[in-house]
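All remarks here apply to the structure that follows.
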Amino acid sequence: PVGYCATSMPEQRVGHGWWPYIGPYLVFTLAGLAGERLPEASAPAWLIVKPALVAACIFYFWRRGEYSELRGYRWTSPMLGADLAVGVALAALWVIPYLWIPAIRPGHFEEVLFRWGVPFLGAPEVDPGPIAGGFDAEMLGASLVPVAVAMRMVGYGLVTPLFEELFMRSFVIRVAEVWGSDRDFRDVPIGFYSRKSFVAVIVIFTLAHLPWEYWVMVPWAILSTAWLYYRRHLMAVVVLHAATNASILVFVALASGAFSDGAGGRLSLWFFV
C-alpha cells in the first residue's frame with residue numbers, strides 16, 4: 001500500500017470525532033424506522049421530513065466546524081463535469097442488468113439465498129414474479145407525479161449521497177485504516193489507499209444495501225472508490241453519488257413501464273428508488 005506521513009505535527013483533537021459521521025446516519029435510520037410505523041397518509045410529509053432531519057444534523061455539525069473534507073471543492077473546475085459523467089455512467093451500470101436479467105430482480109436473489117439456507121434472511125418478502133413495492137410516485141395523485149418525484153429527489157439525489165459519503169468514504173474507510181492502533185482516523189488523508197481499508201469500505205457499503213442490489217453495488221462501490229483515490233476529495237464522490245442517484249430517478253420516472261417484465265406485463269422500475 002502507498003504510505004503516508006504528516007508534514008507537520010498532528011492537529012490537537014478533542015474527543016473521538018465519530019458523532020459528525022455516525023449522527024446523520026443514525027438519524028436517517030431512526031427516521032426510516034419511525035416512518036414505517038406512521039399512518040400511510042403521512043408518507044408525503046415524511047418524504048420531506050426525513051431528509052430534512054438528516055440535513056439538519058449535518059448542518060449542525062458543519063456549523064461547529066466539522067467536515068473539513070467537504071471544503072475546497074472547485075465547482076468551476078472541468079473535473080466537476082468528470083465527476084458528474086462518472087456518476088451517470090455508474091447509474092447505467094446500476095440499472096441495465098435488472099432490465100435484461102430477470103433472475104437478479106428483487107425477490108429472485110432472496111429466494112435463491114433462502115433456498116441455500118442463508119439463515120439471516122428468512123423467507124423472501126417479495127414475490128419473485130411481478131415486482132411490487134418501491135417508491136409510490138402517485139402518493140399525491142396521478143396528476144402530481146412530477147411533484148412527488150421532485151420531493152423524492154431531495155432525499156435520494158441530494159441528502160443521501162452527502163450523508164452516505166461522509167459515513168462510508170470519510171469515516172468508515174479511515175477508521176478501518178487506524179483500527180487496532182492509537183492513531184486518530186482524522187489524521188488519515190481523504191483518498192488514502194490501503195488494501196484493508198478498501199476491502200472494509202466495499203464490504204460495509206455493500207451490506208448497507210439490500211441483497212438483490214449486491215450484483216451492482218459491489219462494482220459500483222469498487223469503481224466509485226477508485227475514483228476517490230484518483231480525485232482525493234470527498235466532494236468528488238458526493239457529486240458522483242448524487243449524479244448516480246439523480247440519473248436513476250430521472251430514468252425511472254421517464255421509462256417505468258417501457259420494458260417487459262418477462263411475464264407478459266410491463267416492468268415497473270420504481271423498485272430502484
> Mind checking which of 85, 55, 34 has the largest fluctuation in a GNM of the chain, springs on alpha carbons under 10 Å?
Replying inline: 34
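Quick check for you: with a 1.4 Å probe and neighbouring chains kept, what is the accessible area per residue of the chain, in Å²?
I get 53 Å² per residue for the chain.
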> Which value in nm describes the separation of the simple spin-label points at residue 43 and residue 99, placed 7 Å from the Cα toward the beta carbon?
Replying inline: 2.6 nm
> What net charge do the residues around residue 152 carry, taking every other residue with its C-beta under 15 Å from that of residue 152, with Lys and Arg at +1 and Asp and Glu at -1?
Replying inline: -1
>> I want to verify a result. In a Gaussian network model of the chain, Cα cutoff 10 Å, which of these has the top mean-square fluctuation: 65, 87, 23?
In response: 65
> Could you list, bin by bin from short to long, the percent of Cα-Cα pairs of the chain in 10 Å steps?
Replying inline: 6, 26, 34, 23, 9, 2, 0
> What is the sum of charges around residue 236, taking Lys and Arg as +1, Asp and Glu as -1, for the other residues whose C-beta is under 11 Å from the C-beta of residue 236?
Replying inline: +1
> Any idea what the alpha-carbon Rg over 2.2 N^0.38 Å comes to for region 157-273?
Replying inline: 1.24
> Pulled fully out, how much extra length does the chain show between residue 59 and residue 71, if you take 0.36 nm times their separation in residues and subtract their Cα-Cα distance?
Replying inline: 2.9 nm
> What does the charge add up to near residue 192, with Lys and Arg as +1, Asp and Glu as -1, over the other residues with Cβ less than 14 Å from its Cβ?
Replying inline: +4
>> Suppose we flag trypsin sites (Lys or Arg not before Pro) only when DSSP calls them loop and at most 14 other Cβ atoms lie within 10 Å. Which is the longest uninterrupted stretch of the chain?
In response: 75-182
> What's the longest bit of the chain with no exposed GluC sites (Glu not before Pro), using DSSP loop states and at most 15 other Cβ atoms within 10 Å as the test?
Replying inline: 139-273
> Does anything in region 64-91 have its amide N under 17 Å from the 7 Å Cα→Cβ label point of residue 209, and if so which residues?
Replying inline: 86-91
> Using Cα atoms only, what is the angle between the long axis of helix 19-37 and the major principal axis of the chain, expressed in degrees (0 to 90) to the nearest 10?
Replying inline: 20 degrees
> Rounded to a whole number, what % of the accessible area of the chain do carbon and sulfur atoms account for, probe 1.4 Å?
Replying inline: 67 percent
>> Relative to 2.2 N^0.38 Å, what does the C-alpha radius of gyration of region 132-195 come to as a ratio? Two decimals please.
In response: 1.77
> What residues qualify as long-range amide H neighbours of residue 190, i.e. H under 5 Å apart, gap of 5 or more or another chain, H built at 1.01 Å from N?
Replying inline: none
> Across the chain, where is the longest run that never hits chymotrypsin sites (Phe, Trp or Tyr not before Pro) in a DSSP loop with at most 10 other C-beta atoms within 10 Å?
Replying inline: 121-273
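Once fully extended, how much extra length lies between residue 138 and residue 36, figured as 0.36 nm per residue of separation less the alpha-carbon to alpha-carbon distance? Show your work: numbers first, answer last.
Working: separation 102, 0.36 × 102 = 36.72 nm, distance 1.81 nm.
Length difference between fully extended and current span is 34.9 nm.
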> For labels at residue 260 and residue 16 in the simple 7 Å Cα→Cβ model, what's the distance in nm?
Replying inline: 5.5 nm
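The values are calculated or read from the model by the stated rules, or taken from the named source; none is laboratory data. Just so it is clear, the structure is predicted and the values come from calculations on it, not from any experiment. Counting neighbours? That spans all protein chains shown, and the Cβs are built from the backbone with ideal geometry, glycine included. Note: accessible area is taken over every heavy atom of the protein model, side chains too, but ligands, DNA and RNA are not part of it. Shrake-Rupley method; radii C 1.70, N 1.55, O 1.52, S 1.80 Å.
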